[in-house]
Amino acid sequence: MPRTARAAKGGVIYHISNRGNGRGVVFRKRKDYEMFMGILVAGRQRVSIEVFGFCLMPTHWHLVVRPRHDGDLSTYLSWVTNTHVKRYRVRHPHARGRLYQGRYKSFPVQSGRHLVNLMRYVESNPQRAKLKKRAENWSWSSLGCNKKVASALLDPWPADRPKHWRKLVGKSLKKNDRDAVVASLKRSRPLGDDRWVTTMARKTGSLQTLHPIGRPPKQA
């Protein structure tokens, strides 16, 4: 069955994620993380895109971005992932099988509190996974990266960042807010207020992600 084209609109915030094939390791050593961050920076010089946040984990990664024009998102991510696979093969010539499980997942995100909740979820990954006691101590994220990486890769948020941000990231999201992010992750469903979600799903051709999973119940 042919793949459907992704309708990634310019000027819209997106959360992007991908993981290793079979939940395998993507980043084995420090140099692997550094290489991927360098690819993210180099991609920005090719495509007009804003990067608001990222988190690289051993088996997967997250990006929060806003392409400026229609089609920029797929162009950026195609170059990033293809370049990453090629350079990964050079660094790890004995690795077998595919690096990624498949195409990346993506969904639009409404600015304001929904973006703030998403960023808390993304940047708290190392702490939830118990890789670090505090999320800001993880060097491979927008929260913990050094100033040189932040200057080269990150753009100002299109929303107000809450005060005491690092402390806030360290606290758990409210259950409803976390469930909303997780549901969007699982189904690539827009994240935002109900009306905005419906409107964005129509624009991006993803109305099916709003429907319950499985067959509808039989009528009596």
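Each value in this text was obtained by applying a stated rule to the coordinates, not by laboratory testing. What you see is a predicted model, and the numbers here were worked out from it, not measured in a lab. Please note: Cβ atoms are built from the backbone with ideal geometry, for glycine as well, and neighbour counts cover all protein chains shown.
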Inset, instruction - Place a label point 7 angstrom from the Cα of Ala42 along the Cα-to-Cβ direction, then list the residues of the stretch 90-106 whose backbone nitrogen is under 18 Å away. - result: 90-93
Inset, instruction - Would you mind calculating the relative contact order of the chain from Cα pairs under 8 angstrom and at least 6 residues apart, reporting the percent as a whole number? - result: 24 percent
Inset, instruction - Quick one: dipole size for the chain, taken about the Cα centre, charges +1 on Lys/Arg Cβ and -1 on Asp/Glu Cβ, in debye to the nearest 20. - result: 820 debye
Inset, instruction - Would you mind ranking His84, His69 so that the residue whose beta carbon has the fewest other beta carbons within 10 Å leads the list? - result: His69, His84
Legend entry - Cβ-defined net charge surrounding Asn21, 11 Å radius [Lys, Arg +1; Asp, Glu -1]: +4
Inset, instruction - State, to one decimal in nm², a quarter of the convex hull surface area for the C-alpha atoms of the stretch 13-191, i.e. the direction-averaged projected area. - result: 9.9 nm²
Legend entry - Cα centre as origin, Lys/Arg/Asp/Glu Cβ charges: the stretch 48-170 dipole, Debye: 640 debye
Legend entry - Helix-only CD estimate at 222 nm, as mean residue ellipticity for the chain, using -39500 (n - 2.57) per DSSP H run (n ≥ 4): -11500 deg cm²/dmol
Legend entry - Two-site label geometry, His164 and Ser78: point separation in nm, points 7 Å out along Cα→Cβ: 4.7 nm
Inset, instruction - Please work out the FRET efficiency for the pair Lys148 and Arg68, using the Cβ-Cβ distance as r and a Förster radius of 30 Å; give the result to the nearest 0.05. - result: 0.80
Legend entry - Using a Förster distance of 45 Å, the FRET efficiency for Asp193-Arg30 (Cβ separation, nearest 0.05): 0.65
Inset, instruction - Positive end of the charge dipole of the stretch 13-191 (Lys, Arg +1 and Asp, Glu -1 on Cβ, about the Cα centre): tell me which of Gly71, Ala135, Phe107 has its Cα farthest that way. - result: Ala135
Inset, instruction - Work through the residues other than Gly112 whose Cβ is under 10 Å from its Cβ and net out their charges, Lys, Arg +1 and Asp, Glu -1. - result: -1
Legend entry - Per-peptide average of other Cβ atoms within 10 Å, ordering 133-140, 203-210 highest first: 133-140, 203-210
